[in-house]
Amino acid sequence: MFFPRRVHTSFQTGESGLATAPKSAIIKPPKNKIEPQARRITTPAQDPDSFAENLAWVGPGLVTGASDDDPSGIATYSQAGAQFGFGTLWLTLFSYPLMCAIQEISARIGRVTGVGIAANIRKAYPRTVVYAIVAMLLGSSIFNLGADLGAMGESAHMLLGGPAWIHLLVMGLISILLQIFVPYTRYVKYLKFLVLSLMAYVVTAFLVHLDWPAALRATLVPPIKMFHGNYLTMVVAVLGTTISPYLFFWQASQEAEEIQVRTEDKPLKHAPAQAPNQLRRIRIDTYAGMAVSNAVAFFIMLTAAATLHAHGDTAIQTASQAASALEPLAGRFAYALFATGIIVTGLLAVPVLAGAAAYAVGEAMHWRVGLEVKPARATKFYLTLGVATLVGLALNFVHFDPIRSLFIAAVINGLLAAPVMALMMLMTRSRKIMGEFTLPLYLQVAGWFGTIAMFGASLAFLIASLK
């Protein structure tokens, strides 16, 4: 992995094509007066040299990628491996560049404009468009929250005993309280730390017997002969789980949040001299985060294929069922690792799901938003976050089928992903929104390819759902 180094040339050229003065010649403006409503911090060096300084810059992309492997995603990947063995491993390679492109575009929108995706859509399109998009995002997030919290409670019950509903309630309330009362700059450090929990799925894969040559062949060569019926539906489900709209909104808003908490940072439209470092940081952060996401998905499918599929157990529906089924096949330790991973990844994903919904609603309604803003000054934002989590939590107490929750969330995400991606691609062509920082050619090509792919996947999913 390469990080920005100090450049000792007379001039630097940013991605926008504009020449910028050398750092020694830049006269830094005076720091902004600290606003009372935000709990600000100072930024690390603009051009970090040490590993510690580079690590301080990594955040939105890494957390976004890791949160994609939430309990509902784990359930989908487990189903894929259980039903089709190694036959879906190639999807991790196929989806990686698409995820990198759309998430980098999302991050650029937030860093260039200083606001999230919903705020930019509100500026560029009629209110009915942004309200419809935000309503669908809120709905899918609530159903996804319900399914994730339910899987966390069930996994805790399997590991610790006691009533599952107590574990469920405790985890839901902890997630809400952490987001409301812990400042963003401290909370995001916890989220980064939780990313390490995903190693549980990598370790689990090495605890079972694997035919590595066969797995490698399946990863590199898609099984064309399987492309029909249930297999095609699973392909669509994996892509829909991997490329989810809430991830777009979260990463863009987190980039905007970073500007708010670092006193020397400005939206790139107003501070083009910061562009070379920031755009490279975004790329490194995003590519690393999406690599984590796809690697974990790969190892979950691999583990399920080597154990569940190999023993004819293809009826897995939830993440907790996958964990339970592993015990007699891979041993108690593998089972415990898998179940623990469900709990901890849930703690990582729930704030992202709820936060993305709150950012989108708040930006659409023109409220003050931000996890770094004190709750008293962003009451509506935090109320939305808390209510979304509580409603998702409540779904588990009215005996709403978690599989049904995931299906509804998948349908909404399928309807929402491609249109939002198309709007994002159109916005990034606008100099009114992006200034000089419209997309380079490689992101335009990758972004539109991903948008077309998601349109096709969404259409296929809807057709399969109606049969």
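Each reported figure results from applying straightforward, stated rules to the coordinates on display, with no laboratory input. Just so we're clear, the structure is a prediction, and the values are computed from it rather than from any experiment. No Cβ is skipped: glycine too gets one built from the backbone with ideal geometry, and neighbour counts run over all protein chains shown.
Sorting THR286, THR92 on the 10 Å Cβ count, fewest up front, what's the list?
THR92, THR286
Explain nothing, just the number: dipole magnitude of segment 64-466 about its Cα centre with +1 on each Lys and Arg Cβ and -1 on each Asp and Glu Cβ, in debye rounded to the nearest 20. Intermediate values should be presented prior to the final figure.
On the way: 25 positive and 19 negative charges, 264 e Å.
Its charge dipole is roughly 1260 debye.
With the cut-off at 1.5 for a/c, could you classify segment 184-289 from its C-alpha gyration tensor as rounded, prolate or oblate?
Here segment 184-289 falls in the prolate category.
Below 14 angstrom from the Cβ of LYS123, what's the summed charge of the other residues (Lys, Arg +1; Asp, Glu -1)?
+4
Quick one: 3J(HN,Hα) in Hz for segment 157-171, Karplus 6.51/-1.76/1.60 with θ = phi - 60°, rounded, Gly and Pro as x.
Working through the residues one at a time gives 4, 5, 7, 10, x, x, x, 5, 5, 5, 4, 4, 5, 4, 5 Hz.
Which of ILE117, ILE300, ILE282 comes first, and how do the rest follow, when ranked by fewest Cβ neighbours within 10 Å?
Starting with the residue having the fewest Cβ neighbours, the order is ILE282, ILE300, ILE117.
Would you be so kind as to identify which of GLN79, PRO223, ALA124 lies farthest towards the positive end of the dipole of segment 64-466, taking Lys and Arg as +1 and Asp and Glu as -1 on Cβ and the Cα centre as origin?
The residue sitting most towards the positive pole is ALA124.
Is the shape of segment 329-467 best called rounded, prolate or oblate, per the rule: a/c under 1.5 gives rounded, else a/b larger than b/c gives prolate, else oblate, with a ≥ b ≥ c the square roots of the Cα gyration tensor eigenvalues? Please report the intermediate quantities before stating the final value.
Working: a/c = 1.77, a/b = 1.22, b/c = 1.45.
Oblate, since a/c reaches 1.5 and b/c is not below a/b.
Enumerate the amide H contacts of ASN396 below 5 Å, restricted to partners 5 or more residues apart or on another chain; note that Pro and chain-start residues carry no placed amide H.
Correct list: empty.
By how many nm would the segment from THR314 to LEU390 lengthen if fully extended, with 0.36 nm per residue of separation less the alpha-carbon distance?
24.1 nm
Would you mind computing Rg(Cα) / (2.2 N^0.38 Å) for segment 64-466, counting N as its residues?
0.94
Determine the dipole magnitude for segment 278-412: charges of +1 sit on the beta-carbon of Lys and Arg, -1 on that of Asp and Glu, nothing else is charged, the reference point is the Cα centre, and the result goes in debye to the nearest 20.
Roughly 580 debye, rounded to the nearest 20.
With a 10 Å Cβ neighbour count serving as the proxy for reagent exposure, in which order, fewest first, do LEU137, LEU393 appear?
In order of increasing Cβ crowding within 10 Å: LEU393, LEU137.
Using Cα pairs closer than 8 Å and at least 6 residues apart in sequence, work out the relative contact order for segment 108-258, in percent.
Relative CO of segment 108-258 lands at 47 percent.
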